[in-house]
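> Before we start, here is the structure in question, set down as structure tokens.
The values are calculated or read from the model by the stated rules, or taken from the named source; none is laboratory data. A quick note: this is a predicted structure, and the numbers were derived from the prediction, not measured. We place every Cβ from the backbone using ideal geometry, glycine too, and count neighbours over all the protein chains shown. All accessible areas refer to the heavy atoms of the entire protein, side chains included, with ligands and DNA or RNA removed. Shrake-Rupley method; radii C 1.70, N 1.55, O 1.52, S 1.80 Å.
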Amino acid sequence: MLRVVVTGSCGFLGAAFVARARRAGCDVVGLDADPAADRVCDIADPVATAATIGSLRPAAVVHLAAKLTGACDDDP
């Protein structure tokens with residue numbers, strides 16, 4: 001089974017991708033700063049991100065995380 005790590009898995013795009021990939025039979029591990037993620041990880045911390053992804057040994061990483069700003073929150 002193909003293991004895929006998805007950053008930003010609790011966001012709009014990330015959550016949609018995770019759902020589709022799981023339906024397709026992929027072993028998906030979602031990374032996000034949100035406590036609802038499979039693995040809580042802040043991608044702004046490169047050491048923690050590398051350690052987490054390294055420990056999971058995925059076949060692919062789909063990077064959908066973004067650092068949102070106040071302007072994005074006000075007008076997505």
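> I'm checking my understanding of the structure. Among residues of the range 47-61 that are among the hydrophobic types (A, V, I, L, M, F, W, C) and touching a residue at least 24 places away in the same chain (Cβ under 8 Å), which one is least open to solvent (accessible area, probe 1.4 Å)?
Keep residues of the range 47-61 that are among the hydrophobic types (A, V, I, L, M, F, W, C), which gives 47-48, 50-51, 53, 56, 59-61.
Right, trim to touching a residue at least 24 places away in the same chain (Cβ under 8 Å) and you get 53, 56, 59-61.
Working: Ile53: 38, Leu56: 11, Ala59: 75, Ala60: 39, Val61: 73 Å².
So, considering only residues that are among the hydrophobic types (A, V, I, L, M, F, W, C) and touching a residue at least 24 places away in the same chain (Cβ under 8 Å), the one least open to solvent (accessible area, probe 1.4 Å) is Leu56.
> Please work out if Ala65 is open to solvent by less than 50 Å² (accessible area, probe 1.4 Å) and at pLDDT below 95.
Yes; evaluated as a whole, the condition is true for this residue.
> For the range 1-33, give me each residue that is part of a loop (DSSP other than H, G, I, E, B) and either open to solvent by 40 Å² or more (accessible area, probe 1.4 Å) or on the phi > 0 side of the Ramachandran plot (or both). Please lay out each step first, then the result.
So in the range 1-33, the residues part of a loop (DSSP other than H, G, I, E, B) come out as 1-2, 8-11, 24-26, 33.
The answer is Met1, Leu2, Gly8, Cys10, Ala24, Gly25, Ala33.
> While we're on this one: If we scan the range 34-46, do we find a residue that is exposed (fewer than 10 other Cβ atoms within 10 Å of the Cβ), modelled with pLDDT under 95 and outside any strand (DSSP E or B)?
Pass one, the range 34-46, residues exposed (fewer than 10 other Cβ atoms within 10 Å of the Cβ): 35, 46.
So of that shortlist, the ones also modelled with pLDDT under 95 come out as 46.
Of the ones still in play, those that are also outside any strand (DSSP E or B) are 46.
Yes, because at least one residue in the range 34-46 is exposed (fewer than 10 other Cβ atoms within 10 Å of the Cβ), modelled with pLDDT under 95 and outside any strand (DSSP E or B).
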